[in-house]
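Presented below is the structure to which this report refers.
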Amino acid sequence: MKQFIFILSLIALAINLTAQEKILISEIIFTGNNITKDYVLNRELEFEQFETYKIEEFDKKIKSSKENLLNLKIFNFVEISKKIIKNNDLIKKASITVKVTERWYVWPFPILEISERNFNSWWQDFEGSNYSDFSRLNYGVFLNWENFRGRNELIKAKFRRGFKEHYLFYYQIPFLNKEKTIGLNICGQIFRKKKAYYITDNNVLLYHHDENYATKDLELYSEIVYRKKINQTHKLKMSYFKVEVSDSIIIKNPNYLGVNLNTGSFYKLTYEYIFENRDYIIYPLDGFYINFEANKFFQNNIPVNHYEFSGHLEQHIPITNNIFLGSSVRGKVCSNEYQPYHIEEGFGFDDYVRGYEYYVINGQNNLLSKTAIKYALTKKKTFELPYIKMDQFKKSYFALYLGIFSDLGYVDDNQNSDKNPLGNTLLWGNGISLDYVTYYDKLIRIEFSINHLGEKGLFLHFSNPFGNKKKL
């Protein structure tokens, strides 16, 4: 009996010693960052040099640190490895190597694109013109300089003509202070359209054409970004908007600006909170995301003086090695049921229920739920591209997923429901999808959807199905 108790005691002691085994980070080595500053990488690591961690805890920190670096979207590949250089009883000294493959950062490229809410809406109109109407094309030049100066700064400049003219300058500075917790974003942009929608009728946009421009929009904003914790971000933004429209639009829709004027302006103060804990923000398979936004509109000569609150919750769960569940809920609530048409927003642009891509559902409040189960036909597969010598391009990857999905949405419309029957109606779309993901954040989704009206269609998309806000 004493012998048995002694053996049990030894086993318990061994288990306890294993549980307490720790690792000391003696050094962190960065490789592959020919342009990126070391402190940009170090800022995303969830472990520090000369700190001690439990082995199991440290392995989790390596995984989350790799995800943080990939989500900067300035590296194609990230590898983090540890090398034990000294064992000392329960503490192991380790050297950590962070190896990154940088992307190509300067993209001056020509613009030739369609100007429509989504590909299918454009194709429907193009097909209706007997494939002869190319008016909804945009063309120009776009400069996108990522990781500017190796500090993860971003510069964007756009000169775009065509159906929807766009002139843009945007500068993102992630680090202003020594602690690397405060950043600044500034932006100025102008939109001009000769053909612009002025009202929604039967959940379809109606357009007005004017050679002297139907609408002109100016937006200026500055945004302070506070990010003390790696996964949490706070933003405070002040925006100024100026709108000018043709007299004909005001005649056709007196509520376009809310006043009997063809020009007006207003201000908006925005606070945004983000908790980001997804493995890959372009196409997440694991983790969760929280976004909360509060807006206060300030009237100038456009009658807006209300509050607007929106939220977005997202969860992704790997069920097996090849099956993944994703779900999201997002919604918006306004303090004022009356809004000028120009700022009214529901479904049909950034947010939509799959199967209703041809429709626009305006309203003051909305709720949207999306659920998808995906099967990895081909999990992330890395390969070398032949005859390409540049590190930024020669190594690529792709993944292919087959999924089924179901979306539910509702738009509370207090202004236009008599002319737009899909407002104040439960929207339900479901179907199957084939998703192709590759490097440089490229994603192609082919979806077959059925909506509650019994309408069926094949739809093409190029973004995360759970619908993060479009960035500039």
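The values are calculated or read from the model by the stated rules, or taken from the named source; none is laboratory data. Predicted model only: the values in this text are computed from it and were never measured. Quick reminder, even Gly has a Cβ in these numbers, built from the backbone with ideal geometry, and neighbours come from all protein chains shown. Remember, those area values only see protein heavy atoms, side chains included, never the ligands or the DNA or RNA. Shrake-Rupley method; radii C 1.70, N 1.55, O 1.52, S 1.80 Å.
Computed from phi, the 3J(HN,Hα) profile of region 307-313 under the Karplus parametrisation 6.51, -1.76, 1.60 (θ = phi - 60°) reads 9, 9, 10, 9, x, 8, 10 Hz, with x in place of Gly and Pro. Of the peptides 92-102, 48-58, the order by per-residue mean of other Cβ atoms within 10 Å, starting with the highest, comes out as 92-102, 48-58.
How much of the accessible area of the chain, probe 1.4 Å, is carbon plus sulfur, in whole percent?
Values: 14160 of 24190 Å².
Within the chain, the accessible surface is 59 percent carbon and sulfur.
A Förster radius of 56 Å combined with the Cβ-Cβ distance from Glu219 to Asn88 puts the calculated FRET efficiency at roughly 0.40.
Compactness of region 182-222 is given as radius of gyration and Dmax, 14.9, 46 Å, from Cα positions. Could you work out how far the C-alpha centroid of region 240-303 sits from that of region 181-223, in angstrom? A separation of 11 Å, based on Cα centres. For the chain, the relative contact order comes to 9 percent (Cα pairs under 8 Å, sequence separation of at least 6). Applying a DSSP loop filter and a limit of 12 other Cβ atoms within 10 Å to the GluC sites (Glu not before Pro) in region 189-268 leaves Glu211.
In the context of the full set of protein chains, residues of region 242-338 present 45 Å² of accessible surface per residue (probe radius 1.4 Å, heavy atoms only). In the calculated pair-distance distribution of region 143-214, the portion above 13 angstrom amounts to 73 percent of the Cα-Cα pairs.
What is the ratio of the Cα radius of gyration of region 20-104 to 2.2 N^0.38 Å, where N is its residue count, to two decimals?
Numbers: Rg = 13.1 Å, N = 85, 2.2 N^0.38 = 11.9 Å.
The value comes to 1.10.
Treating the Cα atoms of region 312-354 as identical point scatterers in vacuum, please give the log10 of the normalised Debye intensity I(q)/I(0) at q = 0.18, 0.24 Å⁻¹, two decimals. Each listed q maps to, in turn, -0.72, -0.96. Pairwise Cα separations in the chain fall into 10 Å bins from 0 onward with the following percentages, short to long: 4, 16, 26, 27, 15, 7, 4, 2, 1, 0.
Here, P(r) means the percent of Cα pairs in each 10 Å bin from 0 to the largest distance; for region 341-472 it is 12, 36, 27, 15, 8, 2, 0. Extension gain for Phe159-Lys442 works out to 99.6 nm (0.36 nm per residue, less the C-alpha to C-alpha distance). Sorting the Cα pairs of region 200-271 by distance into bins of 5 Å, from 0 upward, gives 3, 13, 17, 16, 13, 11, 9, 7, 6, 3, 0 percent per bin.
In percent, rounded to a whole number, the relative contact order of region 288-340 is 34, using alpha-carbon pairs under 8 Å and six or more apart. Loop-resident GluC sites (Glu not before Pro) (DSSP state other than H, G, I, E or B) in region 133-187 with no more than 10 further Cβ atoms inside 10 Å of their Cβ: Glu179. Restriction of the trypsin sites (Lys or Arg not before Pro) in region 400-472 to DSSP coil positions whose beta-carbon has at most 12 other beta-carbons within 10 angstrom yields Lys469, Lys470, Lys471. Computed over the Cα atoms of region 158-308, the ratio of the radius of gyration to the Kirkwood radius (Rg/Rh) comes to 1.05.
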